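A.B. asks: Provided herewith is a single structure, encoded as structure tokens, for subsequent inquiry.
Just so you know, all these numbers are worked out from the coordinates, no wet-lab data involved. A quick note: this is a predicted structure, and the numbers were derived from the prediction, not measured. So basically every Cβ, Gly included, is an ideal-geometry build from the backbone, and we count neighbours across all protein chains shown.
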């Protein structure tokens, strides 16, 4: 079935308006998508920086608790706050960052009680902190 000559005439008459409408709509959709990407990147960047700070604090607690036996600055109970924050904030990161955040929480849960006297506990926690830091830095590098 062929379009009627009247419709073709209307299209020819209003072609500039139709092209302008298509351009405006595509620009609107692109801007909406770009704003969404910017918001995701902003959230991920902020979460990543917070996780990096928390990883540093957790490593400090580990070092004071294990190497200095300093209960004031290295009390393992204080580490729970950072382990939980890292696990929760890592949900805003890449899948690898999320996995490392969960794994850090799991390792902390398994080894925090023996951190002061057990070298293996300290090594597992410190290694997981390093792995999590690497995943977070990779997430920052991958931002658009």
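A.B. asks: Cut-off is 10 Å between beta-carbons; in what order do 12, 53, 116 appear when sorted fewest neighbours first?
C.D. replies: Details: 12 8, 53 13, 116 19.
Lowest count first: 12, 53, 116.
A.B. asks: Right, here's the next one. At a 10 Å Cβ-Cβ cut-off, how would you order 107, 62, 16, 136, fewest neighbours first?
C.D. replies: Details: 107 20, 62 23, 16 8, 136 28.
Result, fewest neighbours first: 16, 107, 62, 136.
A.B. asks: Please give the Cα centre distance for segment 11-58 versus segment 97-113, rounded to the nearest Å.
C.D. replies: Computed from Cα coordinates, the inter-centre distance equals 33 Å.
A.B. asks: Hey, another quick one. Treat the count of other C-beta atoms within 10 Å as a stand-in for reagent exposure and order 33, 80, 108 from fewest to most.
C.D. replies: Working: 33 10, 80 16, 108 25.
Starting with the residue having the fewest Cβ neighbours, the order is 33, 80, 108.
A.B. asks: Then there's this: Please report, in cubic angstrom per residue, the volume enclosed by the convex hull of the alpha-carbon atoms of segment 44-141. Working shown, then result.
C.D. replies: Numbers: hull volume 7.0 nm³, N = 98.
Cα-based convex hull of segment 44-141, divided per residue, equals 71 Å³.
A.B. asks: Let me have the relative contact order for segment 44-141, percent, based on Cα pairs under 8 Å that are six or more residues apart.
C.D. replies: Details: 126 pairs, mean separation 32.1, N = 98.
RCO, segment 44-141: 33 percent.
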